[in-house]
Amino acid sequence: MQQKERKKIKPETKLQILSPDGKTVAFPAVTEGIKWTTCRRGTAGRLDFTIIACPHEHFSEGMPVRLYIKEKPVFFGFIFTKKRTKERLITITAYDQLRYLKNKDTYVYENKTASELLQMISADFSLQTGEIQNTAYKIPSRIEENTTLFDMLENALDLTTQNTGKIFVLYDDFGRLTLKNIS
């Protein structure tokens, strides 16, 4: 008798919610699909989904969320809002790390590149970074007063483009702020 080889069927999409310490992973039952939204400039990646509430699983704001599509990691972020319904459903919105760039602050700097500014802001706000390509153009001096971190970085990237003709894109690469030349 010949044995049939069984292949494990892998789901196309896998959603995980991690405990704050990252040691426990939940695979909640998702209803009504998952909506993942990204933009090229000025907006954090967003993940919206609805899950079935389970009495033994508790999800709170700040918990990490990971999304894989065809086993490729595509989103890493944190729960920002959740709403419960009478039908035992929980609607959750999570944002990637770029969401923290909506904070306002004041920076005064001289002779820094946009990439150096990103590294400085990331260090000041304890944000994780990935590949940050050197934007090369040194901004002579700049005062950014009570401005969102996003706007500061976009201003620096705009100045870089105006002076070099090169366009750089800032994005969250599965939990790491990344800056790359668009080419």
Given R₀ = 22 Å, FRET efficiency for T164-S141 by Cβ-Cβ distance, to 0.05?
0.80
Subtracting the Cα-Cα distance of T129 and T91 from 0.36 nm times their residue separation yields 10.8 nm
For segment 37-177, the accessible surface attributable to carbon and sulfur atoms (probe 1.4 angstrom, ligands and nucleic acids excluded) amounts in percent to 48 percent
Ranked by GNM mean-square fluctuation in the chain (Cα springs under 10 Å), the top entry among P55, P28, P20 is P55
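Which whole-number percentage describes the relative contact order of the chain, with Cα contacts under 8 Å and a sequence gap of 6 or more?
On the way: 355 pairs, mean separation 34.5, N = 183.
The value is 19 percent.
Find out how many positive minus negative residues lie around E131, taking Lys and Arg as positive, Asp and Glu as negative, among other residues whose Cβ is under 13 Å from that of E131. Mind dumping the intermediate values first?
Values: positive: R176, K180; negative: D172, D173.
Around E131, the surrounding residues sum to 0.
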Under 21 Å Cα to Cα from K14, which lysines show up? Leave out anything in the same chain fewer than 8 places away.
K23, K35, K70, K72, K82
Counting DSSP beta bridges in the chain, what percent are antiparallel, to the nearest 5?
95 percent
Probe 1.4 Å, protein heavy atoms only - accessible area per residue of the chain in square angstrom
63 Å²
Among Y95, Y109, Y68, the residue with the largest mean-square fluctuation in a Gaussian network model of the chain built from Cα contacts under 10 Å is Y109
Degrees between helix 149-164 axis and first principal axis of the chain (Cα, 0 to 90, nearest 10):
60 degrees
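Give me the net charge of V108's neighbourhood, meaning all other residues with Cβ under 12 Å from the Cβ of V108; Lys, Arg count +1, Asp, Glu -1.
On the way: positive: K112, R142; negative: D105, E110, E144, E145.
Combined, the nearby Lys, Arg, Asp and Glu give -2.
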Out of N111, I34, Y171, whose Cα points farthest toward the positive end of the dipole of the chain (charges: +1 Lys, Arg; -1 Asp, Glu; placed on Cβ)?
I34
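At a threshold of 8 angstrom on Cα-Cα distance, excluding pairs fewer than six apart, so keeping six or more, what relative contact order does segment 67-158 reach in percent? Kindly include the intermediate steps, with their values, before the conclusion.
On the way: 110 pairs, mean separation 26.0, N = 92.
Across segment 67-158, relative contact order equals 28 percent.
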Ordered by number, the trypsin sites (Lys or Arg not before Pro) in segment 58-101 that occupy a DSSP loop and have at most 13 other Cβ atoms within 10 Å are K70, K86, R88
If eta is 1.002 mPa s and T is 20 °C, what Stokes-Einstein diffusion coefficient results for segment 28-183, Kirkwood Rh from Cα pairs, in µm²/s?
126 µm²/s
Principal-axis tilt of helix 114-124 within the chain, Cα atoms, nearest 10 degrees:
60 degrees
Within segment 63-110, GluC sites (Glu not before Pro) in DSSP loop having at most 12 other beta-carbon neighbours inside 10 Å
E71, E87
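The values are calculated or read from the model by the stated rules, or taken from the named source; none is laboratory data. Values in this document were obtained by computation on a predicted structure and should not be read as measured data. Positions of Cβ are generated from backbone atoms using ideal geometry, with glycine treated the same way; all protein chains shown enter the neighbour counts. What goes into the accessible areas is simple: the full protein's heavy atoms, side chains included, and nothing from ligands, DNA or RNA. Shrake-Rupley method; radii C 1.70, N 1.55, O 1.52, S 1.80 Å.
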